[in-house]
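For reference, the structure discussed in these notes is given below.
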Amino acid sequence: MHLLFLLGQRILFQANRRTLSITYFPYAFNFLCTQSGKHLPETNTPHQQEKLKSLSLRIEKLPRGESVGLAFRSWMGEGFPVHRGDIFHAINRLRKLKLNKRALQVMEWVIRERPYRPKELDYSYLLEFTIKLHGISRGEKLFTNIPSEFQNDLLYNNLVIACLEKSVIRLSLNYMKKMRELGHPISYLIFNRLIILHSSPARRKMIPKILAQMRADKVPPHVSTYNILMKIEANDHNIGGLAKVFDEMKRSKVEPNEISFCILATAHAVARLYTVAEAYVEAVEKSRTGDNWSTLDVLIILYGHLGKGKEIERTWGIVQEQACVRSKSYILAIEAFGRIGQLSRAEELWSEMKSLKGSKSTEQFNSMLSVYCKCGLIRKATAVFREMETNGCKPNGITFRHLALGCLKAELVEEALKTLEKGMEMRTSNKVTNSNPWLETTFSIIEIFAEKGDIHNAEKFFQQIKKANYARYTFVYNTLIKAYVKAQIYVPNLLPRMILGGARPDSETYSLIKLLDQYRT
């Protein structure tokens, strides 16, 4: 079932929203490999030679077009047997690297050459990658040709998951029905995937039915099931719904893990409920298993929200101890230090990232651009923008939104409006416009318009973040009310509008409404 676990968890945290759109898995593998044949890459250092003791890396490093048989022949030619563990290790690595074609070739070689007697997990791997590369009909044909002794619950579960990965729900439900008839247990990962496929607002009403079916099939919810449900509520900026799922998780006596606490901490930090967020950050630190890079990235983001420079530095030190520091981690650290006003530290990391990783992506430039723009350093931001264009990186919607914020901070209102218009002309995906960086930048723009009493522009951009349900937060509506107070324009329905919009009024809300009442005519 380890395969199924990896499949289900990989689906949940794909790059979404930057704060948590990441897969939470420890990738602290030490791959041991050495020089293997004349056709494999040359190695000179003892470390490189040691690495080639790994069959997995020999397969990964094969030149394009070379048969996997070359890696196996060189491996066996040096006297190493091909064990099942070697194959499973290689397959999991290839899956992580999205080298599905190579993974299928490995499994075809295993079934054909039989270095050991294939079992159900070998056939399930073969089935998985056959469907990924050649489609469901080819996979179904393969399924019928697999020896009947291996057509068990593992193979059926993998068949259903592979169909769901292709979003073929009706066929998956038919196979689930057949599994019930045959008495095969259904994995919670199938239900996880069904929940994800029904997570859009238009289809979300089906989730209670899926959970009811899960109970009917006597499939106990896994921690990952609750993590998916919490992530849906967090993405919808529904703190109440998030708390409800977490309470249900505790009632079911399912232990939360570091992913659970990362979701909870991030959701509360985005909602500016910093005291609660800090408590969950402590829970993340306590539940952290190993030096999982994805959890470390989230901690950097969270400590940036909480304004804890020493903790950002400490966490960044742990990140630097990893075998490979990703550009993404640099980007998040730059933004975190920029968020707490440590401009010189952000600039240091920016220079370090460029020297070690190069500056090849728009996202890299956007990170430093956002730091300068939040500080109103428009000249420095413009210099980064020009460097971006010189390097051949195209600015995107978030680039112009950052620049517009920088212009507003620098009191260049006309330039800001022109920049915003230019950014809105660009095609920007819903994934981006629903992301926390985009929403937070847009809210900062609204705050500036509100301070100026510019109701037209405050309302215009308020409607944008309302679509993503970001306006459920009380502080967002309070800022809109402040725009009316600054403009000295009385509007009678602001409080009912706020409540109907899903935000809960607080003491600041009522104070602002009282101030607004004095402009009643």
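The values are calculated or read from the model by the stated rules, or taken from the named source; none is laboratory data. All values derive from a computational prediction rather than experimental measurement. So basically every Cβ, Gly included, is an ideal-geometry build from the backbone, and we count neighbours across all protein chains shown. The area values use the complete protein model at the heavy-atom level, side chains included, leaving out ligands, DNA and RNA. Shrake-Rupley method; radii C 1.70, N 1.55, O 1.52, S 1.80 Å.
Within the stretch 377-426, count every residue that is within 27 Å of the chain's Cα centre (by Cα) and hydroxyl-bearing (Ser, Thr, Tyr).
Total satisfying the criteria: 1.
Would it be correct to say that CYS375 is modelled with pLDDT under 95, open to solvent by 40 Å² or more (accessible area, probe 1.4 Å) and touching a helix residue (DSSP H, G or I) at 6+ places or on another chain (Cβ under 9 Å)? Spell out the reasoning first.
Details: modelled with pLDDT under 95: yes; open to solvent by 40 Å² or more (accessible area, probe 1.4 Å): yes; touching a helix residue (DSSP H, G or I) at 6+ places or on another chain (Cβ under 9 Å): yes.
Here the answer is yes, as CYS375 does meet what is asked.
From the list SER74, SER124, which residue is surrounded by fewer than 21 Cβ atoms within 10 Å (Cβ to Cβ) and assigned to a helix (DSSP H, G or I)? Working first, answer last.
Working: SER124 fails: surrounded by fewer than 21 Cβ atoms within 10 Å (Cβ to Cβ).
Every option except SER74 fails the conditions.
Right, PRO208: outside any helix (DSSP H, G or I) and either polar (S, T, N, Q) or more than 19 Å from LEU104 (Cβ to Cβ) (or both) or not?
On the way: outside any helix (DSSP H, G or I): no; either polar (S, T, N, Q) or more than 19 Å from LEU104 (Cβ to Cβ) (or both): yes.
Spelling it out, it is not the case that PRO208 is outside any helix (DSSP H, G or I) and either polar (S, T, N, Q) or more than 19 Å from LEU104 (Cβ to Cβ) (or both).
Taking the conditions exactly as written (at pLDDT below 95, in contact with a helix residue (DSSP H, G or I) (Cβ under 6 Å, 6 or more places away or on another chain), open to solvent by 60 Å² or more (accessible area, probe 1.4 Å) and not aliphatic (A, V, I, L, M)), does HIS89 satisfy them or not? Spell out the reasoning first.
Details: at pLDDT below 95: yes; in contact with a helix residue (DSSP H, G or I) (Cβ under 6 Å, 6 or more places away or on another chain): yes; open to solvent by 60 Å² or more (accessible area, probe 1.4 Å): yes; not aliphatic (A, V, I, L, M): yes.
So HIS89 passes the test.
Tell me the residue from SER429, SER444, SER435 that is without any contact (Cβ under 8 Å) to a residue 24 or more places away in the chain, under 25 Å from the mean Cα position of the chain (by Cα) and under 20 Å from GLY397 (Cα atoms), please.
On the way: SER444 fails: without any contact (Cβ under 8 Å) to a residue 24 or more places away in the chain; SER435 fails: without any contact (Cβ under 8 Å) to a residue 24 or more places away in the chain.
Testing whether each residue is without any contact (Cβ under 8 Å) to a residue 24 or more places away in the chain, under 25 Å from the mean Cα position of the chain (by Cα) and under 20 Å from GLY397 (Cα atoms) leaves just SER429.
Determine, yes or no, whether ILE186 is assigned to a helix (DSSP H, G or I) and in contact (Cβ under 8 Å) with a residue 24 or more places away in the chain. Steps first, please.
Details: assigned to a helix (DSSP H, G or I): no; in contact (Cβ under 8 Å) with a residue 24 or more places away in the chain: yes.
For ILE186, the condition - assigned to a helix (DSSP H, G or I) and in contact (Cβ under 8 Å) with a residue 24 or more places away in the chain - is not met.
Considering only the stretch 228-251, I want to know if a residue exists there that is exposed (fewer than 15 other Cβ atoms within 10 Å of the Cβ), within 18 Å of the chain's Cα centre (by Cα) and either outside any loop (DSSP other than H, G, I, E, B) or modelled with pLDDT under 95 (or both).
So far as the stretch 228-251 goes, no, none of its residues is exposed (fewer than 15 other Cβ atoms within 10 Å of the Cβ), within 18 Å of the chain's Cα centre (by Cα) and either outside any loop (DSSP other than H, G, I, E, B) or modelled with pLDDT under 95 (or both).
Within the stretch 105-121, which residues are open to solvent by 10 Å² or more (accessible area, probe 1.4 Å) and touching a residue at least 24 places away in the same chain (Cβ under 8 Å)?
Within the stretch 105-121, GLN105, TRP109, GLU113, PRO115, TYR116, LYS119, GLU120, LEU121 qualify.
Is there a residue being among the hydrophobic types (A, V, I, L, M, F, W, C), more than 18 Å from ILE445 (Cβ to Cβ) and out of contact with any strand residue (DSSP E or B) (no Cβ under 6 Å at 6 or more places or on another chain) anywhere in the stretch 464-481? Show your work before the answer.
Of the stretch 464-481, the ones among the hydrophobic types (A, V, I, L, M, F, W, C) are 465, 468, 471, 475-476, 480-481.
Add one more test, that the residue is more than 18 Å from ILE445 (Cβ to Cβ), and what stays is none.
No, because not a single residue in the stretch 464-481 is among the hydrophobic types (A, V, I, L, M, F, W, C), more than 18 Å from ILE445 (Cβ to Cβ) and out of contact with any strand residue (DSSP E or B) (no Cβ under 6 Å at 6 or more places or on another chain).
Might you let me know whether the stretch 44-53 holds any residue that is crowded, with 19+ Cβ neighbours inside 10 Å, among the hydroxyl-bearing types (Ser, Thr, Tyr), modelled with pLDDT under 90 and farther than 30 Å from ARG138 by Cβ? Even if it seems obvious, please write down each step before you answer.
Our first condition is that a residue be crowded, with 19+ Cβ neighbours inside 10 Å; within the stretch 44-53, this holds for 51-52.
Still in the list and also among the hydroxyl-bearing types (Ser, Thr, Tyr): none.
The answer is no; no qualifying residue exists.
When you scan the stretch 257-335 for helices (runs of 4 or more DSSP H) that lie fully inside it, which ones turn up with 3 or more residues that are open to solvent by 10 Å² or more (accessible area, probe 1.4 Å) and acidic (Asp, Glu)?
Details: elements: 258-270, 274-287, 293-306, 309-320.
Here the list reads 274-287.
For the stretch 274-299, which residues satisfy the criterion of being touching a residue at least 40 places away in the same chain (Cβ under 8 Å) and more than 24 Å from ILE334 (Cβ to Cβ)?
Within the stretch 274-299, the first condition is being touching a residue at least 40 places away in the same chain (Cβ under 8 Å), and the residues that meet it are 289-295, 297-298.
Selection gives THR289, GLY290.
May I ask you to list the residues in the stretch 469-512 that are in contact (Cβ under 8 Å) with a residue 40 or more places away in the chain and open to solvent by less than 10 Å² (accessible area, probe 1.4 Å)?
Across the stretch 469-512, the qualifying residue is only TYR470.
Tally up the residues in the stretch 446-479 that are hydrophobic (A, V, I, L, M, F, W, C) and farther than 18 Å from VAL270 by Cβ, please.
Step one: filter the stretch 446-479 for residues hydrophobic (A, V, I, L, M, F, W, C), giving 446, 448-450, 455, 458, 461-462, 465, 468, 471, 475-476.
Next, from what is left, pick out any that are farther than 18 Å from VAL270 by Cβ: 448-450, 455, 458.
Residues meeting the conditions: 5.
Any residue at all in the stretch 478-494 that's hydroxyl-bearing (Ser, Thr, Tyr) and more than 14 Å from GLY453 (Cα to Cα)? Walk me through it before giving the result.
Start the filter on the stretch 478-494 by keeping residues that are hydroxyl-bearing (Ser, Thr, Tyr), which leaves 479, 484, 490.
Keeping just the survivors that are more than 14 Å from GLY453 (Cα to Cα) gives none.
No, every residue in the stretch 478-494 fails to be hydroxyl-bearing (Ser, Thr, Tyr) and more than 14 Å from GLY453 (Cα to Cα).
Does GLY358 satisfy the condition of being out of contact with any Leu (no Cβ under 7 Å at 6 or more places or on another chain) and surrounded by fewer than 16 Cβ atoms within 10 Å (Cβ to Cβ)? First the steps, then the outcome.
Details: out of contact with any Leu (no Cβ under 7 Å at 6 or more places or on another chain): yes; surrounded by fewer than 16 Cβ atoms within 10 Å (Cβ to Cβ): yes.
Against the criterion (out of contact with any Leu (no Cβ under 7 Å at 6 or more places or on another chain) and surrounded by fewer than 16 Cβ atoms within 10 Å (Cβ to Cβ)), GLY358 qualifies.
Could you please find all residues in the stretch 211-227 being assigned to a helix (DSSP H, G or I) and either modelled with pLDDT under 95 or closer than 20 Å to VAL160 by Cβ (or both)? Break it down into steps so the answer makes sense when it comes.
Taking the stretch 211-227 as the starting set, the residues that turn out to be assigned to a helix (DSSP H, G or I) are 211-216, 223-227.
Selection gives LEU211, ALA212, GLN213, MET214, ARG215, ALA216, SER224, THR225.
Identify the residue in the stretch 189-220 that is open to solvent by 60 Å² or more (accessible area, probe 1.4 Å) and not basic (Lys, Arg) and, among all such residues, is farthest from the chain's Cα centre (by Cα).
Residue satisfying both the conditions and the ranking: ALA216.
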